[in-house]
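Colleague: Would you mind keeping the following structure in view while I ask a few things?
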Amino acid sequence: MSDHQAPTGQITTVTLPSALEQVVWAQPAAALGAQATLEVFSRFVGNGAPMQIKLTDHTGKTHGTFNESLYANRFSVSMQVPAEAEVALYAEVKLPDHGVTQQSGPLLLAPPIRIERCAWSQEKATRGDVLTLTADVKGAVDGTEAVVTVFEYDADGAHEVMTSLPVLVEGEAVEAEWTLQVQDLGDQLAQGEPPADAPPYEPLLFIFRVTALGVTGESPQLVFVDWVGVEVFEAGSSAAYANLKAVLHLPDGSTREETLDANGAFVFDEAPFGRCTLELPDLYEASSQDPQGPVSPRGPIRRRPLDFTAKRPVQLTIYTGYHWRVPVSVRDFQLSV
């Protein structure tokens, strides 16, 4: 670190030397015609400073010159690797107003590749499923590094990264395994009912992308299906309410009718993910109850009064991914027709 000495009690102007600290490729290699990212880091360079970038290959041949501006001492750009470049690509960055120039290290070049047939091992999946993700990487030699990135799909393109799995190309193909896990809905139990202006229901979907040498391929959507279980019993005696009708209003607006079995229970294995309303039209609530569920997969989460109005059919909010034990005290009993 340089020293600065000056007398006290007066204003001193100090000129800080501008410099290019790094000119680097964000990846070590790329295929011809693929995308590559160049990053530039500077020091003590003012916003809007002009910058010139020249691309050359291993033979010294120039493959383009373009002008940019530098802001916040950092610049990043994604560009297409010239198809005619040979062996390696270099970027020379110049700040003409500051008289500094720096060249990047080599971006190693590989023959063109194509990523095709990205596929899930199944079209639908649920919690805990172990999925196989595959893709063809045409033109890539064995041992080429690739990354499989799994996303929770968003219709507006703001996909959320779930995980990234490094793989190697073998026989012009890649393969990875991923265990599907989703966010626990337990914390939503205390949030109350959704607002009236809530957006329409969207199913939970996943996609994955395979990236190798700057080339990316994308899979079709994987549909997530959930499950929900219910067990209804009399609050005082724990006797099961068997053979009664249960109506399940699902998050996507559809309705499913089930008949409680001899244990007062049912399980729905292909439910849309999210908040449901369980209705027991043959039972009329006598007083507010304290539900015990959910009891699985990790035991009771929290208790919340159901706050029913007397003489109304039993209704309560439940969430997929759990088995709910519902104690009910009734003052009237209406047989199904």
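Colleague: Among the residues of the range 57-74, write down those that are farther than 27 Å from Pro17 by Cβ and not basic (Lys, Arg). Give the steps one after another, and end with the answer.
Modeller: The initial filter retains those residues of the range 57-74 that are farther than 27 Å from Pro17 by Cβ, namely 57-64.
Hits for the range 57-74 are Asp57, His58, Thr59, Gly60, Thr62, His63, Gly64.
Colleague: If you don't mind, another one. Starting from the range 153-180, take each residue that is part of a loop (DSSP other than H, G, I, E, B) and list its partners that are β-branched (Val, Ile, Thr) and modelled with pLDDT under 95, counting only C-beta distances under 8 angstrom and pairs at least six apart or across chains.
Modeller: Note: pairs meeting the criteria are Leu180/Thr126.
Colleague: A further question follows. Within the bounds of the range 192-205, is there any residue that is under 30 Å from Gln27 (Cα atoms), at pLDDT 85 or above and surrounded by 15 or more Cβ atoms within 10 Å (Cβ to Cβ)?
Modeller: Of the range 192-205, the ones under 30 Å from Gln27 (Cα atoms) are 205.
Those left that are additionally at pLDDT 85 or above: 205.
Of the ones still in play, those that are also surrounded by 15 or more Cβ atoms within 10 Å (Cβ to Cβ) are 205.
Yes.
Colleague: If you don't mind, there's one more thing I want to ask. Does the range 27-46 contain at least one residue that is more than 40 Å from the chain's Cα centre (by Cα) and among the small types (Gly, Ala, Ser)? Quick ask: steps written out before the conclusion?
Modeller: First pass over the range 27-46, keeping only residues more than 40 Å from the chain's Cα centre (by Cα): none.
No, the range 27-46 contains no residue that is more than 40 Å from the chain's Cα centre (by Cα) and among the small types (Gly, Ala, Ser).
For (1) part of a strand (DSSP E or B); (2) over 20 Å from Ser18 (Cα atoms); (3) free of Cβ contacts under 8 Å to residues at least 24 places away in the same chain; (4) more than 33 Å from the chain's Cα centre (by Cα), each residue gets a yes or a no:
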site: Ser76; (1), (2), (3), (4): yes, no, no, no
site: Pro82; (1), (2), (3), (4): no, yes, no, no
site: Glu86; (1), (2), (3), (4): no, yes, no, yes
site: Leu108; (1), (2), (3), (4): yes, yes, no, no
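Colleague: Could you identify the single residue in Asp136, Asp97 that is in contact with a strand residue (DSSP E or B) (Cβ under 8 Å, 6 or more places away or on another chain), without any contact (Cβ under 8 Å) to a residue 40 or more places away in the chain and either charged (D, E, K, R) or part of a loop (DSSP other than H, G, I, E, B) (or both)? Can you show your working first?
Modeller: Values: Asp97 fails: without any contact (Cβ under 8 Å) to a residue 40 or more places away in the chain.
After ruling out the rest, the residue left standing is Asp136.
Colleague: Further question on the same structure: Taking Thr59 as the residue in question, decide whether it is modelled with pLDDT under 95, among the polar types (S, T, N, Q) and outside any strand (DSSP E or B). Steps first, please.
Modeller: Working: modelled with pLDDT under 95: no; among the polar types (S, T, N, Q): yes; outside any strand (DSSP E or B): yes.
Against the criterion (modelled with pLDDT under 95, among the polar types (S, T, N, Q) and outside any strand (DSSP E or B)), Thr59 does not qualify.
Colleague: I'm trying to understand the selection: among the residues of the range 139-152, which are in contact (Cβ under 8 Å) with a residue 60 or more places away in the chain and either of a type outside the set (Asp, Glu) or in a loop (DSSP other than H, G, I, E, B) (or both)?
Modeller: If we filter the range 139-152 for residues that are in contact (Cβ under 8 Å) with a residue 60 or more places away in the chain, which is where we start, we get 139-140, 144-149.
Result: Gly139, Ala140, Thr144, Ala146, Val147, Val148, Thr149.
Colleague: Do the conditions hold for Leu280, that is, is it in a strand (DSSP E or B), surrounded by 11 or more Cβ atoms within 10 Å (Cβ to Cβ) and either at pLDDT below 90 or not small (Gly, Ala, Ser) (or both)?
Modeller: Numbers: in a strand (DSSP E or B): yes; surrounded by 11 or more Cβ atoms within 10 Å (Cβ to Cβ): yes; either at pLDDT below 90 or not small (Gly, Ala, Ser) (or both): yes.
Yes, satisfied.
Colleague: Quick one: count up the residues across the range 236-255 that are of a type outside the set (Phe, Trp, Tyr) and within 16 Å of Pro313 (Cα to Cα).
Modeller: Going through the range 236-255 one residue at a time, the tally reaches 6.
Colleague: Condition first: in a strand (DSSP E or B) and either of a type in the set (Val, Ile, Thr) or more than 14 Å from Leu20 (Cα to Cα) (or both). Now tell me which residues in the range 39-56 satisfy that.
Modeller: Going residue by residue through the range 39-56, those that are in a strand (DSSP E or B) are 39-43, 49-56.
Listed by number, the residues that qualify are Val40, Ile53, Lys54, Leu55, Thr56.
Colleague: Restricting the search to the range 64-74, which residues are outside any strand (DSSP E or B) and surrounded by 15 or more Cβ atoms within 10 Å (Cβ to Cβ)?
Modeller: Step one: filter the range 64-74 for residues outside any strand (DSSP E or B), giving 72-73.
Of everything in the range 64-74, just one residue is outside any strand (DSSP E or B) and surrounded by 15 or more Cβ atoms within 10 Å (Cβ to Cβ), namely Asn73.
Colleague: Based on what the data block shows, is Phe44 in contact with a strand residue (DSSP E or B) (Cβ under 8 Å, 6 or more places away or on another chain), at positive phi, surrounded by fewer than 13 Cβ atoms within 10 Å (Cβ to Cβ) and aromatic (Phe, Trp, Tyr)? I'd like the intermediate steps shown before the answer.
Modeller: Numbers: in contact with a strand residue (DSSP E or B) (Cβ under 8 Å, 6 or more places away or on another chain): yes; at positive phi: yes; surrounded by fewer than 13 Cβ atoms within 10 Å (Cβ to Cβ): yes; aromatic (Phe, Trp, Tyr): yes.
It is true that Phe44 is in contact with a strand residue (DSSP E or B) (Cβ under 8 Å, 6 or more places away or on another chain), at positive phi, surrounded by fewer than 13 Cβ atoms within 10 Å (Cβ to Cβ) and aromatic (Phe, Trp, Tyr).
Colleague: Another question about this same structure. Here are some conditions: (1) surrounded by 12 or more Cβ atoms within 10 Å (Cβ to Cβ); (2) under 18 Å from Pro327 (Cβ atoms). Phe268 meets all but one. Which one does it not meet?
Modeller: Tallying (1) surrounded by 12 or more Cβ atoms within 10 Å (Cβ to Cβ); (2) under 18 Å from Pro327 (Cβ atoms), Phe268 fails exactly one: (2).
The values are calculated or read from the model by the stated rules, or taken from the named source; none is laboratory data. Predicted model, so just to flag it, every value in this text is computed and none were measured. Here Cβ is always computed from backbone atoms with ideal geometry, including for glycine, and neighbour counts include all displayed protein chains.
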